[in-house]
Structures are given as C-alpha cells and as structure tokens.
Amino acid sequence: EDRRLYLYGGIGSVDYDIFGEESITAWLIEQIMMFNRVDKNTPPHEREPIRLYINSPGGDLVEGTALISAMELSKTPIYTINVGQWCSMAFLIGIAGSKRLSLPNATFLMHDGTSGAFGSSNKVQDQVKFEERFEKEVVKAHVLKHSTMKGVDYDALARVELYMLPEDALERGFIDEIVTDIDDIL
C-alpha cells in the first residue's frame, strides 16, 4: 500500500525461501502491474511513484530484463534507490528508474556479465553468439538510453569491471541524485 518495493540479494529465477515457487522479479512485476491498474484513470504526472529500494549483487539476465521491461512500460513513475549496491544485472535495473537516487556510500558495477554457457561446443558457441548480440543490441542501448555515456565510451568500458562510487555514477548520468537527507527516500 505504501508503494515501497525491495530488491535485496541475488536476482534468480526462483527464490523458494521467500516466494514459494515465484521469483522476486515476477513478484515485483506483479506489483508494478497492480499499481498501474490502480492508477489507470489518473494521469501519469499525478500518480504517486513506486519506490524500488535495491541492494543486489546482480543475477539472472532473463529475470532482470523482464523486470526492466515492466519498469519502462510503467506509466506510474518508478524511483530506484541504491541503498547498498547495484551490481551487474541490478545496475541495469537501477538505471531504468524514472528517478534514480543513491545513498552516499553505495557502490555500482557495470560489466559485461558472466556467461552461463554449457553443453556441446556447438551449443556453447551458439549461446556465446547470442550473448554477444544481446550485449551489443540490448544492453548497450539500455545503458546509453539511461546515461550520458556516448557509444564510444561504452565500447571502451564494456569489457571491464567498471566499479563506481555515487559521484562517478552521477557524473556518468546513471543516477540523478545522491541522497543527503533520509526523508528524501522515505
């Protein structure tokens, strides 16, 4: 009811401990859709935002991109708040917010991810080709859309572990504000 959602821990396909057989991202998508249904007759600029607090080392690409799609399609604004870390997939989710905030001592990690390729050598090659295409066509476009980075800068950094402090993330346009008053995120 208070429009506060939490993404803590790894982003996996199933989290049996908390959500039975439902993943955290599936639950978050359901909540985003529910708030959009509730707000359907309210103009987007008049809707109370959803606040998504994130402290995650990242995780599954498919789960994360499903959540990003729901966030980007949401007419109800979604504020993302880095309360600890946005790493890997969590970084891509965090930058998708309509307003992006960070606590002063939070950390960020942008990188090319980790492959889960397995099987015969032909199958692994097919997976790697797809992952390379996904990185170039989807991830790069997402990062450029939600930052001030230029394509050439992204290309130069795409293969490294780019760790950032809030000031670095602000400079690159990955966040909009570093929180200086706790009331700003309550």
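Could you tell me which of rounded, prolate or oblate describes the stretch 107-186, using a ≥ b ≥ c as the square roots of the eigenvalues of the alpha-carbon gyration tensor, with rounded for a/c under 1.5 and, failing that, prolate when a/b is larger than b/c and oblate otherwise?
Judged from the Cα gyration tensor, the stretch 107-186 comes out prolate (a/c at least 1.5, a/b above b/c).
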Selection from Asn82, Ala117, Met164 lying farthest towards where the dipole of the stretch 74-173 points positive, charges on Cβ:
Asn82
Which percent of the accessible area of the stretch 46-109 is formed by carbon and sulfur heavy atoms (probe 1.4 angstrom)?
51
Leaving out ligands, DNA and RNA, what percent of the accessible area of the stretch 112-186 is carbon and sulfur, probe 1.4 Å?
54
Gyration tensor over alpha-carbon atoms, the chain, equivalent ellipsoid semi-axes in Å
27, 21, 16
One checks the Cα atoms of the stretch 40-117 and finds Rg and Dmax, in Å, of 13.4, 45
Of Lys75/Lys140; Lys99/Lys136; Lys99/Lys123; Lys129/Lys150; Lys40/Lys136, those spanning more than 31 Å from alpha-carbon to alpha-carbon:
Lys99/Lys123; Lys40/Lys136
With angles folded into 0 to 90 degrees, how steeply does helix 121-134 sit against the dominant principal axis of the chain? Use alpha carbons for both and round to 10.
40
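The values are calculated or read from the model by the stated rules, or taken from the named source; none is laboratory data. Note that the structure is predicted; figures quoted are calculated from it, not measured. FYI the Cβ positions are ideal-geometry reconstructions off the backbone, even for glycines, and counts take in every protein chain you see. Side chains included, ligands, DNA and RNA excluded: accessible areas come from the protein's heavy atoms. Shrake-Rupley method; radii C 1.70, N 1.55, O 1.52, S 1.80 Å.
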